[in-house]
Amino acid sequence: QVQLVESGGGLVRAGGSLRLSCAATGSTISSNVMGWYRQAPGKERELVARIWRSGSTNYADSVKGRFTISRDNAKSTLYLQMNSLTPEDTAAYYCNLIQSSGYVSWGQGTQVTVSS
């Protein structure tokens, strides 16, 4: 059974940085597609960044050039480095893992709040 645990969220001022982590157990992260999503109050959950089995990445237009998704296979951990944060980045951030079977696992989320 796959379990995902996010950490690293918090309160930061606009222009600041945070690094989110997602520790995965129960599956080899390099064998799966993983991603970061976020959901702000009153809005739908949206894709922020994704990393494919090959290591290639995709980003939402709103975070390109500011956020970087990466993974450490040895630590079985997914990361999201977030720089130049703005209040519009305030949301709960979730990581997910998509297995080759199509089964999707989600973490419990970590809150990011950016003050102006």
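The values are calculated or read from the model by the stated rules, or taken from the named source; none is laboratory data. Bear in mind that the values here come from a model prediction, so they are computed numbers and not experimental data. Every residue, glycine among them, receives a Cβ derived from its backbone with ideal geometry; neighbour counts consider all protein chains shown. These area figures cover heavy atoms from the full protein model, side chains too; ligands, DNA and RNA do not enter into them. Shrake-Rupley method; radii C 1.70, N 1.55, O 1.52, S 1.80 Å.
Below are the figures for this structure:
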read-out: The stretch 62-116, relative contact order in percent, only Cα pairs under 8 angstrom and at least six apart counted; value: 29
read-out: Equivalent ellipsoid semi-axes - Cα gyration tensor, the stretch 73-116, angstrom; value: 26, 13, 8
read-out: Cα convex hull of the chain - mean projected area over all directions, nm²; value: 6.7
read-out: Two-site label geometry, Asn83 and Gln99: point separation in nm, points 7 Å out along Cα→Cβ; value: 3.7
read-out: The chain: relative contact order as a whole-number percent, Cα under 8 Å and 6+ apart; value: 37
read-out: Surface accessible to a 1.4 Å probe, per residue, for the residues of the chain, Å²; value: 52
read-out: HN-Hα J in Hz across the stretch 36-52 - Karplus 6.51, -1.76, 1.60, θ = phi - 60°, x for Gly and Pro; value: 10, 10, 9, 9, 8, x, x, 10, 7, 5, 10, 6, 9, 7, 9, 10, 8
read-out: Percent accessible area from carbon and sulfur atoms, the chain, protein chains only, probe 1.4 Å; value: 47
